[in-house]
Amino acid sequence: MTTDHIQARFHLDYPEFTLNVDLELPGRGVTALFGHSGSGKTTLLRLVAGLIRIQDGRLSVNGEVWQDDRIFLPTHKRPLGYVFQEASLFPHLTARGNLEYGMKRVGNAMDGAALEQAVALLGIGHLLDRRPHQLSGGERQRVAIARALAVQPRLLLMDEPLAALDLKRKQEILPYLERLHDALEIPVLYVSHSPDEVARLADTVVLVEQGRVRAQGPVNELFSRLDLALAQDQEASAIIEGVVLSHDDDYALTRLEIQGGHLSVARLDRDIHELVRVRIHARDVSLALDEPGASSILNILPARILEMREIEQAQVLVKLCTGAGEKTPLLARITRHSRDRLRLHEGQSVFAQVKAVALMD
């Protein structure tokens, strides 16, 4: 039996709020705790960190018990790193001094070579001699992440690390978070209420509503579930992973291989065979009964209708699976008039015309 997972079971009663969760999460990759403000995401993270102590709880991380009815490891003995909304760096220390403080905090802190790797991963080498007031918000947060990694954690907790940043700073730091996603061997619990962040960074999503788990699963599955608010939002979209297959420099296009088909997108500055994640909004997908002939739309995929749901008086959300293997989920937002005129029904074969594909970067 594998122990490569996180088990978290907590029951917490406040006068006006109850948290009741029982989770089994992957022992590697980024798991997003997603939901509206006040849903219980940060409370759950603080329970995992040991910052809130309760009797009715159990937590094990990749086979190591941190809390049960007999054991409770206090926060300072839990091998974890914690990144808050605010960087909270010591103002009197340089970036290097903040990192060194993190290394001294625990006895098993990383050696110099490992710290250099974290510095390179987060691109902060040129910032080490600056004090916090000399850094931008995004730069301070990158130093804070490196400091969290300096304790060689077995679990990294990130509580809305972009919430305090403006759009420009968010765009500055997101590529570094993606690097962490690709490079870290440890699990990351990432709290967010931003669908864009979750779509870009998460492997697994836990949807938290009013202190309970509404749903959990791979990011592409949850984004395409019609019974969840994610799919019913105006920005509803499907998340698809693909591999760079080829570049067409004459037409500035890149061809991606996805499960069950191919997509052509605007030329990407990515290597052949590199894995990329793209987002296709439901509003950018139309449906046809017959394969279109000459068309300006580059991406026309054979698909099958899995489910339909009326979401507004005049609109219908359609969930499809595409390609020969029917493994790639896709959403289309169409009018009720179009549904009835085409006599669309579940199980029907159609052609999905994709008007736009957005790279998640």
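Derivation of every value follows stated rules applied to the coordinates shown; laboratory data play no part. Small disclaimer: the values here were computed from a predicted structure and weren't measured. Note: ideal-geometry Cβ built from the backbone for every residue, glycine included; neighbour counts use all protein chains shown.
Key figures for this structure:
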read-out	value
Fraction of beta bridges assigned by DSSP in the chain that are antiparallel (%, nearest 5)	80 percent
Modelled FRET efficiency - R0 35 Å, residue 101 with residue 182, Cβ distances, 0.05 increments	0.80
Principal semi-axes in Å for the stretch 250-315 [√(5λ), Cα gyration tensor, largest first]	27, 16, 12
Residue among 15, 329, 79 with the largest mean-square fluctuation in a Gaussian network model of the chain, springs linking Cα atoms under 10 Å	15
Total lysine pairs under 24 Å (Cα atoms) in the chain, excluding pairs fewer than 8 apart on one chain	6
Stokes-Einstein D for the stretch 192-251, Kirkwood Rh over Cα pairs, 25 °C, 0.890 mPa s (µm²/s)	188 µm²/s
Förster radius 41 Å - calculated FRET efficiency between residue 164 and residue 327, Cβ distance, rounded to 0.05	0.60
Projected label distance in nm at residue 209 and residue 4, using a 7 Å step from Cα toward the beta-carbon	3.3 nm
Most mobile of 319, 104, 170 in a GNM of the chain (Cα contacts under 10 Å)	104
Reduced Cα scattering model of the stretch 237-359, Debye log10 I(q)/I(0), q = 0.09, 0.17, 0.19, 0.22 Å⁻¹	-0.25, -0.83, -1.00, -1.26
Length added when fully stretched, residue 312-residue 70, from 0.36 nm per residue minus Cα-Cα	82.0 nm
Rel. contact order, % - alpha carbon contacts under 8 angstrom, at least six apart, the stretch 73-217	29 percent
Separation of the residue 351 and residue 194 label points, Cα + 7 Å toward Cβ, nm	3.9 nm
Local electrostatic count, residue 285, Cβ distance below 13 Å [Lys/Arg +1, Asp/Glu -1]	+4
Estimated 222 nm signal from helices in the chain, with DSSP H stretches of n ≥ 4 weighted -39500 (n - 2.57), rounded to 500	-6500 deg cm²/dmol
Overall form of the stretch 1-89 per C-alpha gyration tensor (a/c, 1.5; a/b vs b/c)	rounded
Within a Gaussian network of the chain (alpha carbon springs, distance under 10 Å), most fluctuating of 36, 247, 337	337
Alpha-carbon Rg/Rh ratio, for the chain, with Rh computed the Kirkwood way	1.01
Convex hull volume per residue in cubic angstrom - Cα atoms of the stretch 52-205	126 Å³
Length gained when the stretch residue 51-residue 264 is fully extended (0.36 nm per residue, less Cα-Cα span)	71.9 nm
Karplus 3J(HN,Hα) series, Hz, for the stretch 247-259 with 6.51 cos²θ - 1.76 cosθ + 1.60 (x for Gly, Pro)	10, 10, 5, 4, 10, 6, 10, 10, 9, 10, 9, 10, 4
Span from the the stretch 277-292 Cα centroid across to the the stretch 10-78 one, whole angstrom	40 Å
Distant-in-sequence amide H partners of residue 328 (H built 1.01 Å from N, under 5 Å)	322
Where GluC sites (Glu not before Pro) fall in DSSP loop in the stretch 110-188, at most 12 other Cβ within 10 Å	185
Per-bin percent of Cα-Cα distances, the stretch 133-230 [10 Å]	13, 45, 31, 9, 1
For the chain, size of Cβ-based charge dipole, Lys and Arg +1, Asp and Glu -1, in debye	720 debye
The chain, relative contact order in percent, only Cα pairs under 8 angstrom and at least six apart counted	15 percent
